[in-house]
Every structure is written in structure tokens, then in C-alpha cells.
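This report concerns only the one structure given below.
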Amino acid sequence: MIAFLSLLARNRLALAGGIVLSAVVLLALVTPLLPLADPDVTNTSNRFVPPFSEGALLGTDHLGRDLLSRLLWGTRLSLAVGFAAAIVAATIGAAIGIIAGYYGGRTDNVIMRGVDMLMAFPYILLALAIVAALGPGLFNALIAVAAVNVPFFARNIRGITVGIAHKEFVDAARLAGLSNTRIILSEILPNVIPVIVIAMSTTIGWMILETAGLSFLGLGSQPPQADLGSMLGEARSALITNPHTSVVPGIMILVIVMSINLLGDGVRDALDPRLKSGALSRPMAATQVKRAGPVPAPTGKGLLEVQALETQFHVKDRIYRAVGGVDLHVEKGECLGIIGESGSGKSVTALSIMGLVSSPPGVITGGAAHYDGEDLIGAPYRRLRDMRGRNVSYIFQDPLATLHPLYRVGDQLIEAIRAHRPIGKEAGRAKAVELLDAVRIPNAAKRITDYPHEMSGGMRQRVGIAMALANDPDIIIADEPTTALDVTVQAQVLTILDDLRRSRGLAIIFITHDFGVVAQLCDRVAVMYAGRIVEEGRTTDILDTPRHPYTARLMACVPELGGGKRRLEAIAGLPPVVDRLPQGCAFADRCLKVQDDCRQGDIPLVRSGARAVRCLYPEEKAREAAE
Amino acid sequence: MTGYILKRILSAIPVLLGITVIVFLIMALIPGDPATAILGSYATPENVARLNRDLGLDKSLFQQYFIWLGNMLQGDFGTSFALNRPVLDEVLERFNATLVLAGTAFVMCSLLGVIAGVISAANQYGLADKAITFAVLLGISVPSFFLGMMMILLFAVNLRWFPVSGMWPIYGARDFGALLSHLTMPAIALAVVATGVIARLSRSAMLEVLRQDFIRTARAKGVHERGVIWRHALKAAMVSIIPVLGIQAGFVLSGAVYIEIVFQWPGVGRMLVDAILKRDILLVQGGVVFVAACYVMFNIAVDVLQSLLDPRIKT
């Protein structure tokens, strides 16, 4: 509760709304105690006195009644009716929603059909019909406004209740023999109250507006009693001659509703967990770059050379070091594998190269990625966009999520081409077919009109590859492209990639957590752990003689077909959290042969020949550690 | 596709029936009896009884409903006693005027709302976002009738840009230009609230979509940021924006009542308020059923549009 209030207070706009609203409510509460003129006493000799006159601060209306007094009494009435309508609507709506959601089945069906019927009416029309039946009057207007809002609450609360009614603690209460009423009151209700509060805070402004509206139409409060709406309605005939009689109540409605809306937004934001985590932030067109240190100069190694790359995620005041200084390079026609567990930073490394890490929260804080001598990390967005897909292209993991669901695959392919060069309709189509043919999609000419959801997973991933090939890039970065596929399809996709590499001289950076895939495709491999490379070398060397204990253990996790009765060794423990990396070796806590000095200082990546390892006590022989 | 449309129309039948039941029941709640209301409190009991018989009010509620429904299906909505004219004629004439007003406002709020929402999301936390968010807050907080009155004061009385009220000039040609000058202010006043709501929702729908994987794919292809926002993200966001447009259409259609009163627009809302104050029950019933039915039909169109946009909806 206190945390909630402080969160609310941190939102300055909500705070302002809260203060204004409190002031208005307070004023309405003390109105009877204030030395005001009687709001209903008419004095026709004193009509339409302008504001700021002697004895009438806001002037008088068409019957000579004091406007300030009428305003305050009217505010009192409008607030009371609005709040009452909100409470009535919330109570009845919540009750209906909880009953429908909790009992489910037929009860639910019947109730929700009725609610749907009510929601089929244009909102205000239904209120009009109810007032028509009950007759004009403030109380009837209240009923009408509450009634038309009931379905909204019922539907919202039902949705939440359905979710809760199947949770374990409710089942437990049922098994404990509690009655339905007790379960609803003690288990369900406390959990839906926040939702009721959010729904109320977002609708109460509406309800005040609607009651004011009905009064404005002459269907709400009846003379001489006046709420803000009927004050405005009465003032309308004198709008042109004496606008102040309209402006005064109108501004008051605006102030009340606006402050309620500000506060309501604040309440919603404070209670919505997604906003707290910043998950609703929009990723920018390119990752933010804030390099503190000097930019490494290219050494001319490879077509693409990544040096000392550091990428972090800044979430609130926490810093997650997803990539902590990675060096990589890939030659033309070469396939480099990056392998590691989930969260080891391999994908972030790959995405950083073309500025595709979601930002916020991602920030590239150091290093360089030189493509043909040009640093991509510091490149302006324009240059980056120009090179994306043309020089360096990506293949992503789950093609169902990574292809646009509402465009035909052919159009998505053509768009990839059009992003870099103009191409006519027919030529574009022909090229799209050619690309699908290249990735061996049967019947390509027909499939280009398919939507992604109409294809199988393997076909979709081929479309993903075709799209990456659209502009004949030099480098393809494949981020776990086969993880979501079954084994036979996986093998086909790998074959396609391997053929393309050989026929087109493509450089491939292949990210995976699967040593089998690495063995099949990659010339060299880099093993990542906790955001850094712990071992690197030729695939055959590393597979034969892993030198870092982590590599060895990782390989021991892979079952081998026909490999006999070797025990599969899971690695105990979890990788360290990257916002609190330990001193020394990040793997120390899970390593079987850890020594005291492993936990001290920075352990360098030591190169010898084509291999490099980041370990003080590297393995001597291949299978030693595993057995 | 045709199958889907047909299915959707069929599924609307129970909703339409439900609407007639609800309207009928609400009207049956009316305290006192309509004959007395029509004849006044000095009517003789014989006259009241005769009128009740003429109106069919001596039958059971059940019978009354089916007679009423049957007549409506044949296009007979009864006769308005205050206007002494068939209800359907009056409603149709008035509904035309409302349609012009609400239709214009709806087009305005849909276009402006979505555009503002997209710009807001694309510049999240930037200057444009803050300005739009504030304007939206103001828009959804202002009572449309008050806004309309202030617009009259400023643009009609002081600046004399537009006529004060009405749909047509009292003297002079009833041409398109005349309609446009009469329509501008009420349509804007009516559109403001819905624009705010749509902008707000479009913004959050866009933010939701912009975090999805296919947006990253579009960027990785090298699609220009403009294309990423206005083609890829907006198209996907429309899937959740379109239903809101449907709901807002209902608000615009029924919220027109305030604007029609303020601007003396000869629409169905003003007719309903007059009829309620005069207790012209048949006119209220007929008007409400007619407008609600039109709204149901409109929502079918919205669903069809949705299925055209989203091929994943099985047709």
C-alpha cells in the first residue's frame, strides 16, 4: 500500500490531479459551512451580473442567483452523483462478473449473453432509453448511468475471475470444504479488488460526464436543484449574451474530469506491473551507443571484426552486462559458430553488430565492429539501415514470430529487395520466386501468396533464409535458426545454409546451443559464458580436446547416438546473474576443479596458435573432465 | 468470405432480438399508463380504457411484445402521438441528419486518432508524444456539449467563420458548401472525445507491436524506419485498433445527441430527447431500436473488415 502510494506520488501529473481533485472534493464537502448566498434565491433585478462584481464573485445567472454558490452546490451534487453511480456500477458489475467467472458453464453463458446484448447498444442511447422509462430526474439519471456501465465492469471482472478461479489456492480452499460464498469473499474478492479499483478510476470521469450530460439535456436534475450539467443547460440560452454563466460550470466539469483522469492514469500505471518493468518501452530504430573508452582500431582481420564489444541493459538503476568485451572475426566464406547456454550473451553479441538490440533498455557501451574497415557501432542510423540486409543480414530463431503475420511471404521478400533497390512488380515477383527456389521451397511460384501461418515451420524458416539472401549479402548472422525445428527439417535447413556458403562465398556467424550443429557446419567456434568468450578455436580441435572446463562439461551434456552408456552430466547450478558478476572466473562456482586464484582478478583469454582459452587450469585431455 | 459474412449476419439475429426485448422491457417499466399520459390527467376512465384497447395495452406483455415485433418487421413502428406521424418516417428522416454528422465525426476521429497515436508511439517520451498525450487528456476530459458551446462563442459569434447552428441556411441554397460550413463545428465537437480515446489506444497498441520480433526482422532487412512504423507496425496494430473503432462508432453515434442539441442539428438524438420529455413512447422505442439495429449492422461491417485485414481469422 505504501509502495503503491509512493509510486503514485512519483508520477507528478497524477499527483497534480490528486491534489486538484482533493481540493475540489474538500470544497464540496465544506460548502454547507461556507458563508454563501442561497443558491436557489432568485433576484431578477440583479440578472447577469458579470463576474468579479461586488457581492457576487462569479456573477449571477439569468434569474439573478449567485453563481459561486450555485457552482459549489452544483459541484457537490455532480460529484456525489458521479461517485454514487461509479460505486453502484462497480458493485453490481463486479458481483455479476465474479458470479459468471466463478461458477462458469451455463451460468456464465447466460449472464455473458445478456451483457453482450447490453453492450450491443450505443452507450448513451441505452441511458436515454432508461431515463425515458423512469422519467427525467437526477436519481433516475444516476440509475441510467450506473446501469450502462455495469456491463463494462461485469466483463472485466469476469475475465479476471476466470483466471483466478482455476488457481491452486482456490482449489485448495474448495478441498478444505469452504462454501462457495466464503471462497468468493475470502479468496476471489481480495484478488479482483485492484482490478475493480483500476476500472473505477478509469470510468468515474466518464460517469460524471454522462450524468452531467443527461442533466444538460434536461433529463437529470430538475429545477431549482442544479448540478453542473443542468447549470450548463440552463445557461445555454444566454450563451451569446452572457457567456460567463456557461463558462463557469463548464470549466468546473473539465477540471474535475481532467483531475480524475490524471489520477486514474496514475493509479493504473502504479498497479500495472508491465509499466514498472519498463516493458512497454518502444525499441528505437538502432541500438543506443554510449562508448566510454577509446574505439579500437581495425587490425584487418577478417571481413567482419568485432573487438572488445560491450553491450549492457539498463533497467531502472540496474545494469546487466550482457556482453562484456567480446572479440570475434569471420572471413569470407567461413562459418563461425557461437555456442553457449541461454543468457550467455551470444544473441546480444550478434544483434549488437547491426544495432538491432532493443533500446531501451540496450546500450552498447564499448568496442567496435569493423566491416571492411568501417566501424558499424558508431555508424549513423542512415548508414546502418543501408547496410542492414544488403551487407549483413540476419536469420532469426522463430519464423512464426519473426515474419509479419499479415503480409504474404512473397510481399515480404519483395520488400526486402525494395528496401535497397527499386524493382518493378513483375521483376520483384520473379526474384521472390527465384529466392524461394534457391532455398528449395517446392512450388515456389504458388507459395509466394501464402501467409506465414499457412506454412510449416521448416518452410517458414526457408522463407527467413530466402529473405536474408535477397540482396546477396556478404555476411549472414543466423541466430539459432534451427532451434524451433524438428531434427529432419533442421538437417535440411543446415544443408541449405552450407550449400549457400560454398556456392556464394558467404560468411556465416551461426549462433546455437547445439554442438551437433556446430560440428556439421562451422569451421571455427567460440564458446560464450556470462557475456564473454571462454574458448575459441577450430571446430575439430575444440570438439576433440576442449580446454575450458565449461566447454568440456557442455559437451558432456550432449547425448550421443550409439555412444554407449556414458552418463549425461548436467552442469549443476545456474550461470551467474549478469548484473552481479563475481570476481575472477564467472564459471568458478560451477566448476569442479576450481582453485582459490580462480576467484581473483581478471582472467585473460590466452591465445596459443589458432586456439584461445580463458582458464588458469585448462583441461589437458579431451574426455577427462567428463568421465 | 461470403460464408463468413453470412455467418456474421446470422449471428446478429439473436442480438437484434435481444435489443428489441431489452427496449421493450425498459419501456414496460414505465410507471403509470401511457393512455393517461397521452390524454392528460383530466381524461375520463372510459376514454382511457378505449385508448388502452386501441393501443393494445390490455393484452399481456408477451402478446404485446410479439405484436410490436411483428409490426416492426413489416415496417410499422407505430405512430408518434406528439407528431401525429408514422414513427419510421420521422426516424428515417432524422437518422439521415445524424448519419451525416456522426459519419463525418467518425471519419475524422478515426483518421486523426490513429495518426496521433502512431506519432505518439513512434516518439515515445519525446516532445510530440508529450504534446499529444496532453491534448488527448484534455480531449477526453472536456464535455462535448461545453466544447460545442465554446466553439460557437469563438468561431461563430466572435470570428464569424461558421454559422451558429442548424444544418442548412434558413435562406439560400442547400448545396454542399452550405452543408460543409454548417457541419464543420458540430462534427469537430463530436469527434474530439473519440479522437482522444482512439489516439490513446492506438498509442498503446503500437507500443505493444513495436516490441514484437517481426519488427526487428523488418529493421534487419533494412526497411526504412518510416516503413517499419507506418506499414509493419501499424498494420499489425490495426488488428487491435479496429474493434475500438467499432466501439467508438457507438459513442459517436449516441453522443451526437448532445451536439445535436447544442447546434440545433435536426438529428435523431434531438428527436429522442424531445420525445422523452413529451413521453412519446412509441417514438422513443422506435428510435432506439432503429439506431441500435443500425449499430449492430455497422459492427458486422467492422468484423468483416477485421477478417479482411487479418487472414488468420478463419473465414
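The values are calculated or read from the model by the stated rules, or taken from the named source; none is laboratory data. Remember, predicted model here, so these are calculated numbers, not experimental data. Using ideal geometry, Cβ is built from the backbone for each residue, glycine included, and neighbour counts are taken over all protein chains shown.
A compact table of results
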| read-out | value |
| --- | --- |
| Complete set of residues in segment A:402-418 that are under 25 Å from A:A507 (Cα atoms) and free of Cβ contacts under 8 Å to residues at least 40 places away in the same chain | A:I414, A:E415, A:R418 |
| Leading residue by the ranking (nearest to B:H224 (Cα to Cα)) among those in segment B:119-134 that are of a type in the set (A, V, I, L, M) and surrounded by 18 or more Cβ atoms within 10 Å (Cβ to Cβ) | B:A122 |
| Residue count for segment A:160-175, restricted to those that are touching an Asp or Glu at 6+ places or on another chain (Cβ under 7 Å) and either more than 21 Å from A:I196 (Cβ to Cβ) or not aliphatic (A, V, I, L, M) (or both) | 1 |
| Segment B:202-216: number of residues that are over 11 Å from B:V118 (Cα atoms), assigned to a helix (DSSP H, G or I) and within 7 Å of chain A (Cβ to nearest Cβ) | 3 |
| Residue check for A:I157: more than 30 Å from A:Q222 (Cα to Cα), in contact with a helix residue (DSSP H, G or I) (Cβ under 9 Å, 6 or more places away or on another chain) and surrounded by 13 or more Cβ atoms within 10 Å (Cβ to Cβ) | yes |
| Residue that is farthest from A:A466 (Cα to Cα) [pool: residues in segment B:217-244 that are in contact with a strand residue (DSSP E or B) (Cβ under 9 Å, 6 or more places away or on another chain) and part of a helix (DSSP H, G or I)] | B:R219 |
| Among (1) under 30 Å from B:W68 (Cβ atoms); (2) not in a helix (DSSP H, G or I) - the single one B:G103 does not satisfy | (2) |
| Looking only at segment A:276-294, and only at residues there that are modelled with pLDDT of 85 or more and of a type in the set (K, R), the one that is surrounded by the most Cβ atoms within 10 Å (Cβ to Cβ) | A:R291 |
| Check on A:A427, small (G, A, S), surrounded by fewer than 24 Cβ atoms within 10 Å (Cβ to Cβ) and farther than 25 Å from B:A218 by Cβ | no |
| Contacts under 8 angstrom Cβ, first residue in segment A:581-601 being within 11 Å of A:C615 (Cα to Cα), partner among the β-branched types (V, I, T), 6 or more apart | A:G584/A:I603; A:C585/A:V594; A:C585/A:I603; A:F587/A:V534; A:A588/A:V594 |
| Residue list for segment A:455-500, restricted to those being at pLDDT below 85 and in a loop (DSSP other than H, G, I, E, B) | A:T482, A:T483, A:A484, A:L485, A:D486 |
| Meets criteria (of a type in the set (S, T, N, Q) and not in a helix (DSSP H, G or I)) for B:S165 | yes |
| Residues located in segment B:264-300, provided they are modelled with pLDDT of 90 or more, at the interface with chain A (Cβ under 9 Å from one of its Cβ atoms) and not in a helix (DSSP H, G or I) | none |
| Among (1) assigned by TED's automatic domain parsing to the domain that holds A:S221; (2) surrounded by fewer than 16 Cβ atoms within 10 Å (Cβ to Cβ); (3) touching a Gly at 6+ places or on another chain (Cβ under 7 Å) - the single one A:N43 does not satisfy | (1) |
| Some residue of segment A:35-49 being within 14 Å of chain B (Cβ to nearest Cβ), assigned to a helix (DSSP H, G or I) and out of contact with any Phe, Trp or Tyr (no Cβ under 7 Å at 6 or more places or on another chain) | no |
| Leading residue by the ranking (farthest from B:L308 (Cα to Cα)) among those in segment B:230-240 that are more than 7 Å from chain A (Cβ to nearest Cβ) and surrounded by 24 or more Cβ atoms within 10 Å (Cβ to Cβ) | B:A233 |
| Subset of segment A:93-140 (residues that are on the phi > 0 side of the Ramachandran plot and either charged (D, E, K, R) or within 14 Å of chain B (Cβ to nearest Cβ) (or both)) | A:G135, A:G137 |
| Matching residues, segment B:110-126, being farther than 19 Å from A:A286 by Cα and within 14 Å of chain A (Cβ to nearest Cβ) | B:G117 |
| Count of segment A:373-400 residues which are touching a helix residue (DSSP H, G or I) at 6+ places or on another chain (Cβ under 7 Å) and more than 10 Å from chain B (Cβ to nearest Cβ) | 1 |
| Scan of segment B:67-78 for residues that are surrounded by 11 or more Cβ atoms within 10 Å (Cβ to Cβ) and without any contact (Cβ under 8 Å) to a residue 12 or more places away in the chain, ordered by number | B:I67, B:N71 |
| Options A:S215, A:S221; residue that is more than 14 Å from chain B (Cβ to nearest Cβ), modelled with pLDDT of 85 or more, buried (at least 24 other Cβ atoms within 10 Å of the Cβ) and over 28 Å from the mean Cα position of the chain (by Cα) | A:S221 |
| Some residue of segment B:153-172 being crowded, with 19+ Cβ neighbours inside 10 Å, more than 9 Å from chain A (Cβ to nearest Cβ) and under 30 Å from B:L210 (Cα atoms) | no |
| Of all residues in segment A:559-589 being more than 33 Å from the chain's Cα centre (by Cα) and at pLDDT 70 or above, the one that is surrounded by the fewest Cβ atoms within 10 Å (Cβ to Cβ) | A:A570 |
| Residue list for segment A:401-416, restricted to those being more than 9 Å from every other protein chain (Cβ to nearest Cβ) and either touching an Asp or Glu at 6+ places or on another chain (Cβ under 9 Å) or surrounded by fewer than 22 Cβ atoms within 10 Å (Cβ to Cβ) (or both) | A:V409, A:G410, A:D411 |
| Residue pairs meeting the criteria (Cβ under 8 Å; at least 6 apart or on separate chains; first closer than 14 Å to A:G233 by Cα, in segment A:58-72; second surrounded by fewer than 24 Cβ atoms within 10 Å (Cβ to Cβ) and acidic (D, E)) | A:D61/A:E234; A:H62/A:E234 |
| Any chance B:P311 is under 27 Å from A:T211 (Cβ atoms), part of a loop (DSSP other than H, G, I, E, B) and not hydroxyl-bearing (S, T, Y) | no |
| Any chance A:R440 is more than 33 Å from the chain's Cα centre (by Cα), more than 11 Å from every other protein chain (Cβ to nearest Cβ), within 28 Å of A:L304 (Cβ to Cβ) and among the charged types (D, E, K, R) | yes |
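So that you can scan it fast, the table gives a plain yes or no per residue for (1) small (G, A, S); (2) assigned by TED's automatic domain parsing to the domain that holds A:I251; (3) buried (at least 18 other Cβ atoms within 10 Å of the Cβ):
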position	(1), (2), (3)
A:W73	no, yes, yes
A:G82	yes, yes, yes
A:I87	no, yes, no
A:A94	yes, yes, yes
A:G97	yes, yes, yes
A:G101	yes, yes, yes
A:R113	no, yes, no
A:A133	yes, yes, yes
